[in-house]
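S.K.: Below is one structure. I have some questions about it.
The values are calculated or read from the model by the stated rules, or taken from the named source; none is laboratory data. Bear in mind that the values here come from a model prediction, so they are computed numbers and not experimental data. Glycine also receives a Cβ, built like all others from the backbone with ideal geometry; neighbour counts cover every protein chain displayed.
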C-alpha cells in the first residue's frame, strides 16, 4: 500500500514535473519570440489579429514594385531607418501606444487595397492614386508626389497620360502632317484590337484616363492584349524597340527617356503622340484619419519627418507636395465613369 | 672553327627553345582567351533567359530595366566583348532589338549591321525566344595570333639555319673523311716506300760484306798462286766487277742517302752532283738521249750533297718516266749573278696548265695509281728552299718541260 502510494506520488510528481518543464519551455519561447519581435519588426498579415492592440507597430505601407520611378525597396528601407532614428517621432509613437514603426511591402495593388481596408492594417501609405480612390478605409491625403514632369494646377499636382505609336504603326503621320488629328475611332479600334503597352491596370494617367478618353468614340476601348510594363519608361522602351506599336504612359516619359539615353534622332521621326488625356492626380501619401496632422501629434511628427527625409533624399527628383482629399475628386469621377463603361461593355459582350 | 660552330648551334638551340617556350605560352594564352570568351558567351546567354526576355508569345515578361542592369553587370568589365545586342523573338513578327532598346531607331539599317556580328540563338527547348549578337573585341586574340605566327616563322627560320649548318658540317665531315681515307692510303704507300728504302739499305749492307770477302779472296788467290793465264784473267774480271760495285757504291754514297744521315753542309760542285744523280737513275733511262751541256766555271754551293742529288735525281727520274724511253733530256749548269742555275729540260708531253700550279703541293701527282706518291717535287722544293734557293717549272703541252733550280753561290 505504501509502495502504491509512493508510486502514485512519484507519478503525480512526474506529471507535475513534466507540466512544469513544458510551462517553462513555453515561457522561454514566448520571451524569445517577444525579443525577436523587438529585434526585427514583425509585419502582421492583413487578416491577422495583430500582436497586441496597445503595443502594436505603426505600419507604413507601399507597393513592392513602385510605379513611381526611384521609390524602390532599398529607398523605403532607408526611409525606415531614418524614421526609426527620429526621436520626436519615436516619442510620439510611444505616447500613442505603438512599440515601433514597421514597413509593409504589399505584394500588389489588390494586396495594398486590402491592407488599407483593414482597420488594423496600414497607418500611412505611399499608394497609387487609384488605390486611394478605390479603398473603403478612412484615409486622408497629406502629400502628393511630384516628379520633374508633373505640373501643379492650383494646389494639386497633376500629370497627363498620352497615347502614342511608333513609326511602324499604320496611323503614324510622320513629322509633316502632325496638325491633322487622328480620328478617335481609329485609335480606339486599334487600341482594342492590337497589343498595347500600358503602365498598369491601376495607373490613373496610364490606363483609366486614356480608356475613358477612347470610350468617347463609342468603341469599347479596353485593350484586348494589354502589356503591363510597370512604369512609363518601360512603356516607352517597349514601343520604341517595336515590341509593340502602341503605348500609353505618363506625359514627359518620352522626353525623359530621350534625355537619359541621349538619343539624337528627333522624337517626331520615330514616335507620334496621338492623344493627351486630362491631368490625373499624382500618387498620394495618405495617413489614417485619426493621424491627420491637424489633429494628431503623431501625424504631425510623421509629416515633419517625411518632409525632412524628402528634402535629403529625393529619388528621381521626386518631391513631396502638401495636398488634400480634394485633389482626387476628379479621379474618383473618372474611376466611376471607367467602371460604368466597363460594365456596359461587358454586358454588351455577354449578350 | 669547331668551337665557333658549337657556339652557333648552342645559340640556335637557345633561340629555338625560347621560341618553343614562347609559342607554348602564346598557345596557352590563346586557349585561355578562347575559353574565357566561350565562358562569357555562355554566361551572357544564360543570364538572358526566357524569364527575362519572355517566350515569343509572351510580351509582358520583358523588363528593360532588368536587361539594362544585366548588361551593366556583364559587359563593361568584359575584355572580349565590345558590345552586345539582344533581340527578342515575337510571335508572327520576328526579331526585334530590345537591348539597347533604341538600336533600331538610331540604326535604321540594324538588320544589316547585326549581320556583321556573331549571332547566338536563345532557346528554351525547341523554342527560339531571342538572340544575342556579340561584337567581339578580337584585338587581343589577333595580337596573340600574330605573335604566334611571328614566332612560328622565327622558329622555322632558326630550324632552317640549324639544318643548313648541320648539312654544311655533315658535308665538311664527309669531305674530311674522304680526304683522311686518301691520306691514309698515301701514308700506307709512304710506309711501303720507306720500308723498301730500309730493305734496300739492309741489302746493300749485307751484300757488301760477302763482296769484300770475295775481293779479299780474289786478291789472295792472285797473289799466292801461279795461275794459268785464262784463270788469272777470269779472276781479274771478278775483281774488277767487285771494284766496280764498290766504286758505284762509293760514288753514289747510296747507303747514306737511303738512311738519311744528317751530315753537315759542304761546298759542292753542282755539276758533279748533277752527273751523279743522272747516273743514279740511269736504270730508267731506256732509249732517252741525255745531253749534258758543257758546264762553264761556276762557284760551289754550300749544301748537303746527298740532298741535292735527291732533288736532281727526282726531277730526272720524273723526266725519264714521262718520256717513256724516248726523247731527249738536257742538263745544264750556269752561274748567274751569285746564283748557280741548274736546268733540266725534257721533251716529254708537258704539263697541263691546270696541273702546273699544283705540282709542288704535297700528294699531288698526275700519275696517281701508277706509282707516283706525289711527294717528290714537294720534298725537292723544300730542300731547295731550305738551301735558300728556288725551284720553278716552265712547260708547254706537247713540247716538254724545263725545271730551273737556282741555288745561292758560296762566297
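S.K.: Criterion first (touching a strand residue (DSSP E or B) at 6+ places or on another chain (Cβ under 8 Å), within 13 Å of chain B (Cβ to nearest Cβ), under 29 Å from residue A:172 (Cα atoms) and in a helix (DSSP H, G or I)) does residue A:257 satisfy it?
M.R.: On the way: touching a strand residue (DSSP E or B) at 6+ places or on another chain (Cβ under 8 Å): no; within 13 Å of chain B (Cβ to nearest Cβ): yes; under 29 Å from residue A:172 (Cα atoms): yes; in a helix (DSSP H, G or I): yes.
Against the criterion (touching a strand residue (DSSP E or B) at 6+ places or on another chain (Cβ under 8 Å), within 13 Å of chain B (Cβ to nearest Cβ), under 29 Å from residue A:172 (Cα atoms) and in a helix (DSSP H, G or I)), residue A:257 does not qualify.
A quick yes/no check of all residues on (1) under 20 Å from residue B:292 (Cα atoms); (2) part of a loop (DSSP other than H, G, I, E, B):
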residue	(1), (2)
B:378	no, no
B:398	no, yes
B:401	yes, no
B:410	no, yes
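S.K.: Something else: Quick check on my filter: what residues within the range A:283-304 are in a helix (DSSP H, G or I) and out of contact with any strand residue (DSSP E or B) (no Cβ under 8 Å at 6 or more places or on another chain)? Reasoning before the result, please.
M.R.: Within the range A:283-304, the first condition is being in a helix (DSSP H, G or I), and the residues that meet it are A:289-291, A:297-304.
If the condition is that a residue be in a helix (DSSP H, G or I) and out of contact with any strand residue (DSSP E or B) (no Cβ under 8 Å at 6 or more places or on another chain), then A:290, A:297, A:300, A:301, A:304 are the ones that fit.
S.K.: Out of B:347, B:330, B:366, B:390, report the one residue that is assigned by TED's automatic domain parsing to the domain that holds residue B:318 and either at positive phi or modelled with pLDDT under 85 (or both). Break it down into steps so the answer makes sense when it comes.
M.R.: Values: B:347 fails: either at positive phi or modelled with pLDDT under 85 (or both); B:330 fails: either at positive phi or modelled with pLDDT under 85 (or both); B:390 fails: either at positive phi or modelled with pLDDT under 85 (or both).
Sole residue among the options that is assigned by TED's automatic domain parsing to the domain that holds residue B:318 and either at positive phi or modelled with pLDDT under 85 (or both): B:366.
S.K.: To continue, here is another question. Looking at the structure I just gave you, is residue A:190 more than 12 Å from chain B (Cβ to nearest Cβ) and either over 30 Å from residue B:110 (Cβ atoms) or not in a helix (DSSP H, G or I) (or both)?
M.R.: Details: more than 12 Å from chain B (Cβ to nearest Cβ): yes; either over 30 Å from residue B:110 (Cβ atoms) or not in a helix (DSSP H, G or I) (or both): no.
So residue A:190 does not fit the description; no.
S.K.: Okay, next question. Applying the selection to the range B:79-110, what residues are buried (at least 18 other Cβ atoms within 10 Å of the Cβ), more than 13 Å from chain A (Cβ to nearest Cβ) and not in a strand (DSSP E or B)?
M.R.: From the range B:79-110, those buried (at least 18 other Cβ atoms within 10 Å of the Cβ) are B:80-81, B:84-90, B:95-105, B:110; that's our starting set.
Imposing the further condition that a residue be more than 13 Å from chain A (Cβ to nearest Cβ) reduces the set to B:80-81, B:84.
Result: B:80, single match.
S.K.: So residue B:119 fits all but one of (1) more than 14 Å from every other protein chain (Cβ to nearest Cβ); (2) crowded, with 16+ Cβ neighbours inside 10 Å; (3) more than 60 Å from the chain's Cα centre (by Cα); what number is the exception?
M.R.: (2)
S.K.: Quick one: count up the residues across the range B:282-303 that are in contact (Cβ under 8 Å) with a residue 60 or more places away in the chain, under 43 Å from the mean Cα position of the chain (by Cα) and part of a loop (DSSP other than H, G, I, E, B).
M.R.: Number of matching residues: 0.
Table: residues versus (1) within 12 Å of another protein chain (Cβ to nearest Cβ); (2) under 22 Å from the mean Cα position of the chain (by Cα); (3) over 26 Å from residue A:174 (Cα atoms).
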| site | (1), (2), (3) |
| --- | --- |
| A:198 | yes, yes, no |
| A:213 | no, no, no |
| A:217 | no, no, no |
| A:234 | yes, yes, no |
| A:282 | no, yes, yes |
| A:286 | no, yes, yes |
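S.K.: If you check residue B:46 against the conditions, is it assigned to a helix (DSSP H, G or I) and more than 14 Å from chain A (Cβ to nearest Cβ)? Full working, then the answer.
M.R.: Details: assigned to a helix (DSSP H, G or I): yes; more than 14 Å from chain A (Cβ to nearest Cβ): yes.
Criteria met by residue B:46.
S.K.: Can you tell me which residue among B:292, B:342 is in contact with a strand residue (DSSP E or B) (Cβ under 7 Å, 6 or more places away or on another chain), at pLDDT 85 or above, surrounded by fewer than 19 Cβ atoms within 10 Å (Cβ to Cβ) and closer than 25 Å to residue B:266 by Cβ? So that I can check it myself, show each step before the final result.
M.R.: On the way: B:342 fails: surrounded by fewer than 19 Cβ atoms within 10 Å (Cβ to Cβ).
When all the criteria are applied, what remains is B:292.
S.K.: Sticking with this one: May I ask you to list the residues in the range A:193-236 that are in a loop (DSSP other than H, G, I, E, B) and closer than 26 Å to residue B:54 by Cα? Lay out the reasoning, then the answer.
M.R.: So in the range A:193-236, the residues in a loop (DSSP other than H, G, I, E, B) come out as A:194, A:199-203, A:216-224, A:229-231.
Once the filter is applied, which keeps residues that are in a loop (DSSP other than H, G, I, E, B) and closer than 26 Å to residue B:54 by Cα, the range A:193-236 yields A:194, A:199, A:200, A:201, A:202, A:203, A:222, A:223, A:224, A:229, A:230, A:231.
S.K.: Follow-up. Could you check, for the range B:251-271, whether at least one of its residues is at pLDDT 85 or above and closer than 20 Å to residue B:318 by Cβ?
M.R.: In the first step, residues of the range B:251-271 are kept if they are at pLDDT 85 or above; the result is B:266-271.
Those left that are additionally closer than 20 Å to residue B:318 by Cβ: B:270.
Yes, some residue in the range B:251-271 is at pLDDT 85 or above and closer than 20 Å to residue B:318 by Cβ.
S.K.: Still on this model: Which residues, taken from the range A:260-278, are within 14 Å of chain B (Cβ to nearest Cβ) and either without any contact (Cβ under 8 Å) to a residue 12 or more places away in the chain or surrounded by fewer than 20 Cβ atoms within 10 Å (Cβ to Cβ) (or both)?
M.R.: Once the filter is applied, which keeps residues that are within 14 Å of chain B (Cβ to nearest Cβ) and either without any contact (Cβ under 8 Å) to a residue 12 or more places away in the chain or surrounded by fewer than 20 Cβ atoms within 10 Å (Cβ to Cβ) (or both), the range A:260-278 yields A:260, A:261, A:262, A:263, A:264, A:265, A:266, A:267, A:268, A:269.
S.K.: Turning to a different aspect of this structure: Quick one: in the range B:313-324, of everything that is without any contact (Cβ under 8 Å) to a residue 60 or more places away in the chain and within 14 Å of residue B:276 (Cβ to Cβ), which residue is surrounded by the fewest Cβ atoms within 10 Å (Cβ to Cβ)?
M.R.: Among those that are without any contact (Cβ under 8 Å) to a residue 60 or more places away in the chain and within 14 Å of residue B:276 (Cβ to Cβ), it is B:317.
S.K.: Can you pull out every residue in the range B:49-68 that is in a loop (DSSP other than H, G, I, E, B) and more than 9 Å from every other protein chain (Cβ to nearest Cβ)?
M.R.: So the first thing to find is which residues in the range B:49-68 are in a loop (DSSP other than H, G, I, E, B), and the list is B:49, B:54-63.
Scanning the range B:49-68 gives B:49, B:54, B:55, B:56, B:57, B:58, B:61.
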